[in-house]
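Read the structure below first, then the notes.
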Amino acid sequence: MDECTGLRERKKAATRLALHEAALRLAVEHGPDRVTVEAIADAANVSRRTFSNYFSGKEEALFHGDTLRLRRLLELVARQPTDLPPWRALTEAALAQADEGYDDPAEPWLSRRRLLHGHPSLVAHQVGAYAAIERELSAEIARRLTGPDVPLRARVLGATFLATLRVAAQQWLEHPDEPLRAVLSTVLAHATPATG
């Protein structure tokens, strides 16, 4: 039974990735405003209904890669030693993720993402993707805090960290000749709270 479940999950992941890549490709070719769910489904050789089983709309399909990267970041934060100060744990996780090769210029998603960067119709969804992960990140940060107002302090740190990551990503997309790790290090250092 586990083998069937594993195969089913791999097929679902492959379909989701195919839809995401089709959405990115079409958005770069035609502009995000001209891409339809039907066109994405056709490009991925699935039905419109199948598309709807995976994504609520074209924006969610376009940002699936960002969602995966944010989920991976949560995993890396959770793996940091609990005795590290929260901001240091967040910084170490972000830098570890940068070392996983997300800034490889040969990556097709990166060049497509640069072309779509800052498109007005996509900004709200990008902010929404970060906001969706903020609650889970805040819970992870709260595990590392003591003293008064832990939930509030964790939310502030989580929101600050995610805003800092957005700024770093924008800076890096606008200045691609600088390595992602270097940009992240600089931006995170500027945002380090006084209490670390």
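Does ALA78 fit the bill of being modelled with pLDDT of 90 or more, within 28 Å of ALA14 (Cα to Cα) and of a type in the set (Gly, Ala, Ser)? Steps first, please.
Details: modelled with pLDDT of 90 or more: yes; within 28 Å of ALA14 (Cα to Cα): yes; of a type in the set (Gly, Ala, Ser): yes.
For ALA78, the condition - modelled with pLDDT of 90 or more, within 28 Å of ALA14 (Cα to Cα) and of a type in the set (Gly, Ala, Ser) - is met.
In the set LEU122, LEU157, LEU145, which member is closer than 16 Å to ARG88 by Cα and within 18 Å of the chain's Cα centre (by Cα)? Please lay out each step first, then the result.
On the way: LEU122 fails: closer than 16 Å to ARG88 by Cα; LEU145 fails: within 18 Å of the chain's Cα centre (by Cα).
Only one candidate passes the filter, namely LEU157.
Of the residues making up segment 121-161, those that are touching a Leu at 6+ places or on another chain (Cβ under 7 Å) and either at pLDDT below 90 or of a type in the set (A, V, I, L, M, F, W, C) (or both) are LEU122, ALA129, TYR130, ILE133, LEU137, ILE141, ALA154, PHE161. Every listed requirement among (1) within 25 Å of ARG166 (Cβ to Cβ); (2) surrounded by 12 or more Cβ atoms within 10 Å (Cβ to Cβ) is met by HIS30 save one, (1).
Within segment 11-31, is even one residue farther than 20 Å from ALA132 by Cβ, at pLDDT 90 or above and not in a helix (DSSP H, G or I)? There is no residue in segment 11-31 that is farther than 20 Å from ALA132 by Cβ, at pLDDT 90 or above and not in a helix (DSSP H, G or I).
How about segment 32-50: which of its residues are over 24 Å from HIS119 (Cβ atoms), assigned to a helix (DSSP H, G or I) and free of Cβ contacts under 8 Å to residues at least 12 places away in the same chain? Walk me through how you get there before you give the answer.
Our first condition is that a residue be over 24 Å from HIS119 (Cβ atoms); within segment 32-50, this holds for 45-47, 49-50.
Keeping just the survivors that are assigned to a helix (DSSP H, G or I) gives 49-50.
Scanning segment 32-50 gives a single hit, ARG49.
Residue-level analysis places THR91 outside the set of residues that are among the polar types (S, T, N, Q) and either surrounded by fewer than 20 Cβ atoms within 10 Å (Cβ to Cβ) or in contact with a Cys (Cβ under 6 Å, 6 or more places away or on another chain) (or both).
Would you confirm whether any residue within segment 60-83 is among the hydroxyl-bearing types (Ser, Thr, Tyr) and open to solvent by 40 Å² or more (accessible area, probe 1.4 Å)?
If we filter segment 60-83 for residues that are among the hydroxyl-bearing types (Ser, Thr, Tyr), which is where we start, we get 67, 82.
Retained after the next criterion (residues that are open to solvent by 40 Å² or more (accessible area, probe 1.4 Å)): 67, 82.
The answer is yes, given that some residue of segment 60-83 is among the hydroxyl-bearing types (Ser, Thr, Tyr) and open to solvent by 40 Å² or more (accessible area, probe 1.4 Å).
The values are calculated or read from the model by the stated rules, or taken from the named source; none is laboratory data. Fair warning: this is a prediction, and the values are worked out from it, not measured in the lab. Neighbour counts run over all protein chains shown; Cβ positions are idealised from the backbone, glycine included. The protein model used for the area step is the full one, side chains on, heavy atoms only, and it has no ligands, DNA or RNA in it. Shrake-Rupley method; radii C 1.70, N 1.55, O 1.52, S 1.80 Å.
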